[in-house]
Amino acid sequence: MGWESIGSVNTGEMPQDGDWIVFALGLARLYVLHVAGKPPPGHTLGICWHDHDLGEYPTLGVYCEFTPDMRYVGDCERALERFDAAVEWSAIKPDWDDVENFDDDVGKQPADDEDVG
């Protein structure tokens, strides 16, 4: 099967804001895991990359080698939509020229069995 994309966040433009978008998707992933719960056995919730004629872009998605649990995928989609609508991305997006020593650990994906809150 592969990846079932559940959506993205409405911030930044690829490729110039790629790091910011991946960071924002990492935040969104944590929220989705909190709301939708841990993925079912054999599933992974993470950032997936898509190739396009104009370049590649990331989204949040559910990976499964077989048929994905569409109920879980739907729960994730609704959680991501709610999170994205609630965040005023322009208010929190840093001016990268002024940011030093930015810690991007939030964008890293913990293991699915890691406690996320």
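Every read-out reported here was derived from the displayed coordinates using simple, explicitly stated rules and does not represent laboratory data. Owing to the predicted nature of the structure, the values given are computational and were not obtained by experimental measurement. Ideal geometry is used to build each Cβ from the backbone, glycine not excepted, and the neighbour counts take in all protein chains shown.
Which of the residues spanning segment 19-46 are farther than 19 Å from residue 71 by Cα and charged (D, E, K, R)?
19
Scan segment 62-90 for residues that are part of a helix (DSSP H, G or I) and either aromatic (Phe, Trp, Tyr) or farther than 13 Å from residue 6 by Cα (or both) and jot them down.
Within segment 62-90, the first condition is being part of a helix (DSSP H, G or I), and the residues that meet it are 70-86, 89-90.
Selection gives 72, 83, 85, 86, 89, 90.
So residue 12 clears everything in (1) in a strand (DSSP E or B); (2) over 9 Å from the mean Cα position of the chain (by Cα); (3) buried (at least 16 other Cβ atoms within 10 Å of the Cβ) except one condition, right? Which one?
Among (1) in a strand (DSSP E or B); (2) over 9 Å from the mean Cα position of the chain (by Cα); (3) buried (at least 16 other Cβ atoms within 10 Å of the Cβ), the lone unmet condition for residue 12 is (1).
Inspect all residues belonging to segment 39-61 and state whether any of them is assigned to a loop (DSSP other than H, G, I, E, B), touching a helix residue (DSSP H, G or I) at 6+ places or on another chain (Cβ under 7 Å) and either touching a residue at least 24 places away in the same chain (Cβ under 8 Å) or surrounded by fewer than 19 Cβ atoms within 10 Å (Cβ to Cβ) (or both).
Of the residues in segment 39-61, the ones assigned to a loop (DSSP other than H, G, I, E, B) are 39-42, 53-54.
In the following step, the residues that additionally are touching a helix residue (DSSP H, G or I) at 6+ places or on another chain (Cβ under 7 Å) were identified as 39-40.
Restricting the remaining residues to those that are either touching a residue at least 24 places away in the same chain (Cβ under 8 Å) or surrounded by fewer than 19 Cβ atoms within 10 Å (Cβ to Cβ) (or both) gives 39-40.
Yes: one or more hits.
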